[in-house]
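Encoded as structure tokens, the structure appears first; notes follow it.
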Amino acid sequence: MIRLANVEKVYRTDRIETVALSQIDLTVAAGEFVAVMGPSGCGKSTLLNLIGLLDAPSSGTIELAGKPVASYRDREVSRLRNQTIGFVFQTFHLIPDLRVLDNVELPLLYRKMSGAERRARATRALERVGLSSRLQHFPSQLSGGQQQRVAIARAMAGEPRILLADEPTGNLDSQMGDEVMGLLEDLNQKEGTTIVMVTHDQRQADKAHRTIRIFDGRQVAC
Amino acid sequence: MLKSHLRLALAVLQRRKVFTAISLFGIALTLLVLIVAGALLDNVFGAFPPEVHHDRTLLIFNVRMEGKNAQSTSPAGFGLLDRYARDLPGVERMAITSTMREAFSYQGGQKHRLYMKRTDAEYWRVLQFEFLEGAPFAEAEVEAGSRVAVLNRSTRERIFGDAPALGRDVEVDGVNYRVMGVVADVSMLRALPFSDVWVPHSAAKDQAYRKELGGDFWGLLLARDAAAFPQIQAEFRSRLQRIDLSAEPGFERILALPETLFASTSRMLFDTHDEAESRPERLVGVLGLLTLLFLGLPTINLVNLSVSRILERAPEIGVRKAFGASALSLVGQFVLENVVLTLLGGALALLAAPLVLAAINHSGLIPYAQLGLNLRTFGLGLGLAVFFGVLSGAYPAWRLARLHPVQALKGAAR
Ligand SMILES: Nc1ncnc2c1ncn2[C@@H]1O[C@H](COP(=O)(O)OP(=O)(O)OP(=O)(O)O)[C@@H](O)[C@H]1O
Ligand SMILES: [Mg+2]
């Protein structure tokens, strides 16, 4: 499903070069549930962004659905982001001008679909994260944990085959965190969604099939 | 698809109240300025009754006489027009009117200030006034030097009130004229047809004006069509060259040219009497510059507002891209938002314009002003507004939409 070969990511600013990732080789099979762990600043988000086609690697190849990403054309990349991948950002990135429901409809907005169906799917996704009473709120009117759950609902609404979640429980209390974890396990087991999840919580990493550890931009053996 | 995008565009505009209010106000105000300016220009230069043959009318406004040590510019003299502007090839009718002069009328113990013109009978044929009462004076009255007058509606009301006016005397500057007709008011911005009172030129006590080369008269030439203009101008110029100037000591040359209203105005404003050719492009240039000044600045502001607002929304573009928006649909979204905004601003301007124009008309700033909404000016303005709206939406959106989503998310707008 996902394959990274010798991937390197270097951030170049005016003076400093930051090697965020280097020599990453990684394969995630379809239907797998993988946790990514590592200290702050080690490159976890960078890795997830690369897998999610949100950024390009400095070198190395990334394969998605059996084809190197670099060989996809713009339109195909958009379609992959839209239909194959669902992304939960570490900092949520909800659109402040849109209501919760419109935020969750976002991935469906770029598909051929009736307004009613879009609405129904988004409502269902919000019900699953326990936010059916906040459909008409704006993100700024929600707590951090609620915003995080909206971000999760948005990633799920499009029923993607790959769900990439960057610390999806970072802002939730342990009970809510467990509920969200249950949701992810459910998606993985019942719908066969491939999941890559960044977490700092060993307890949650234990629920994944396996854990990838990163230290200072490099994979380390467990 | 378009419906949901439209709904979201309206939602965003509603959400960003300050930005939306400022933009709407800016767009509407800019368009209003354009509408008022267009109405003013239209009122000065456009084709309105009574100037129904505007497109084939040439005017002789000023004459200039030049000698070695002397030069003088003045409106044309009656004698010059009478002797040299008649029967020009390609001209159907020639009318003569004096420039307007301030005069006073004492009636019923009250003093009225009014404007007066002295004309010939053809004046009423070249210009098609709307006669509310009576009729214009004709050749018979002009030849006899009859003391008769045509009033405009407002003057008739000021002097006679509700009482009948036809056949009664109106006193102007100590002379009594019998009222023959009453015409509808014409805006003061219309140099040729505007006046309060018209009398035959021949009603003057002193007949010396009949010989003058320079004086205070204008000639109106109604050409067969605009194609005859060059021929008319050439013939008139060659007639002027043959004038014997021995009666005008010190002067060797006399210059005058039948021109359109726009060209004559340009010539007067820029004092380009020396050149035989008219220089209307100067007036076009100045008007263009004014437009640029008054409309360019608000346009730049609005474009700037739109661009910085979109750059500020870089993270939103990143998110949308991350969830599959193509660069094209992102550009479409922001263009749509701007077009909706511009059209709303246009609607606002269209609603406010009649009120503003009516307010100017009633303010008395311009006597008898008849500023009207010129839909062509409005359409042009709205078209330009939409153009800049599209541009200022598409360009920054395109720049951001081509970034990697992560870069846009971090607000890397620069
Ligand atoms: N746009 C950027 N420009 C320069 N350096 C960057 C940029 N983004 C990330 N980095 C650097 O890359 C490294 C990895 O960042 P990343 O966000 O992937 O860390 P992380 O593992 O997700 O950390 P955390 O657990 O705190 O979220 C960091 O040292 C960071 O400073
Ligand atoms: Mg991170």
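Where a number appears in this text, it was derived from the coordinates with a stated rule and is not lab data. No experiment lies behind these values; they were computed from the predicted model shown. Using ideal geometry, Cβ is built from the backbone for each residue, glycine included, and neighbour counts are taken over all protein chains shown.
Below, the figures for the structure above:
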| item | result |
| --- | --- |
| Theoretical FRET efficiency, 1/(1+(r/R0)^6), r = Cβ-Cβ of residue A:61 and residue B:25, R0 45 Å, to 0.05 | 0.25 |
| Kyte-Doolittle mean at least 1.6, axial Cα span of 27 Å or more - DSSP H helices of chain B | B:17-45, B:327-363 |
| Euclidean distance of C-alpha centroids, the range B:289-323 and the range A:146-173, integer Å | 33 Å |
| Pairs of Cα atoms farther than 22 Å apart, the range B:315-388, % | 48 percent |
| Karplus-derived 3J(HN,Hα), 6.51/-1.76/1.60, for each residue of the range B:71-76, Hz, glycine and proline x | 8, 8, 10, 7, x, 5 |
| In Hz, Karplus ³J(HN,Hα) per residue of the range A:44-51 (6.51, -1.76, 1.60; θ = phi - 60°; x = Gly, Pro) | 5, 5, 4, 4, 5, 4, 5, 5 |
| Options B:325, B:349, B:110, ranked by Cα towards positive dipole end of the protein assembly as shown, top entry (Cβ charges) | B:325 |
| For the range A:2-221, alpha-carbon Rg and Dmax in angstrom | 17.1, 51 |
| Cβ-based exposure ranking for A:9, B:111, in which fewest neighbours within 10 Å come first | B:111, A:9 |
| Built amide H within the under 5 Å cut-off of residue A:21, gap 5+ | A:9 |
| Magnitude of the charge dipole, the range A:2-221, Cβ model with Lys/Arg +1 and Asp/Glu -1, debye to 20 | 580 debye |
| C-alpha center-to-center spacing [the range B:59-129, the range A:63-77] in angstrom | 82 Å |
| Computed over chain B: relative contact order in percent, which uses C-alpha pairs under 8 Å that are six or more apart | 25 percent |
| Cα centre as origin, Lys/Arg/Asp/Glu Cβ charges: the range B:71-249 dipole, Debye | 180 debye |
| Amide hydrogen neighbours beyond the local backbone of residue B:260, cut-off 5 Å, H modeled | B:59 |
| Span per principal axis, largest first, for the Cα atoms of the protein assembly as shown (Å) | 120, 57, 37 |
| Residues with amide H under 5 Å from that of residue B:170, placed H, sequence gap 5 or more | B:177, B:178, B:179 |
| Residue exposure sequence - B:362, B:112, A:209 - by fewest surrounding Cβ within 10 Å | B:362, A:209, B:112 |
| Options A:122, B:71, A:174, ranked by Cα towards positive dipole end of the protein assembly as shown, top entry (Cβ charges) | A:174 |
| Cα Rg over Rh - the range B:239-382, Kirkwood | 1.25 |
| Cross-link table B:68/B:205; A:67/A:207; A:44/A:112; A:9/A:207, entries beyond 31 Å C-alpha to C-alpha | B:68/B:205; A:44/A:112 |
| Length-normalised contact order of the range A:2-221 in % [C-alpha pairs under 8 Å, at least 6 apart] | 31 percent |
| Degrees separating the helix A:100-109 axis from the principal Cα axis of chain A, which is the longest one | 60 degrees |
| Kirkwood hydrodynamic radius over Cα pairs of the range B:71-249, then Stokes diffusion coefficient at 4 °C and 1.567 mPa s, in µm²/s | 75 µm²/s |
| Rounded to whole Å, sorted largest first: equivalent-ellipsoid semi-axes of chain B, Cα gyration tensor | 57, 27, 16 |
| Unit charges on C-beta of K, R, D, E only; dipole of the protein assembly as shown, Debye | 1960 debye |
| Span from the the range B:1-34 Cα centroid across to the the range B:330-385 one, whole angstrom | 15 Å |
| The range A:1-65 - percent relative contact order, Cα under 8 Å, separation 6 or more | 47 percent |
| Footprinting exposure proxy for A:11, B:395 (fewest neighbouring C-beta atoms within 10 Å first) | A:11, B:395 |
| Helix-only mean residue ellipticity at 222 nm for chain B, each DSSP H run of n ≥ 4 adding -39500 (n - 2.57), per residue, nearest 500 | -16000 deg cm²/dmol |
| Average other protein chain Cβ within 10 Å of Cβ, residues A:85-97 | 4 |
| Options A:82, A:198, A:163, ranked by Cα towards positive dipole end of chain A, top entry (Cβ charges) | A:82 |
| Acute angle (nearest 10 degrees) that the helix A:144-157 long axis makes with the longest principal axis of chain A, alpha-carbon atoms | 90 degrees |
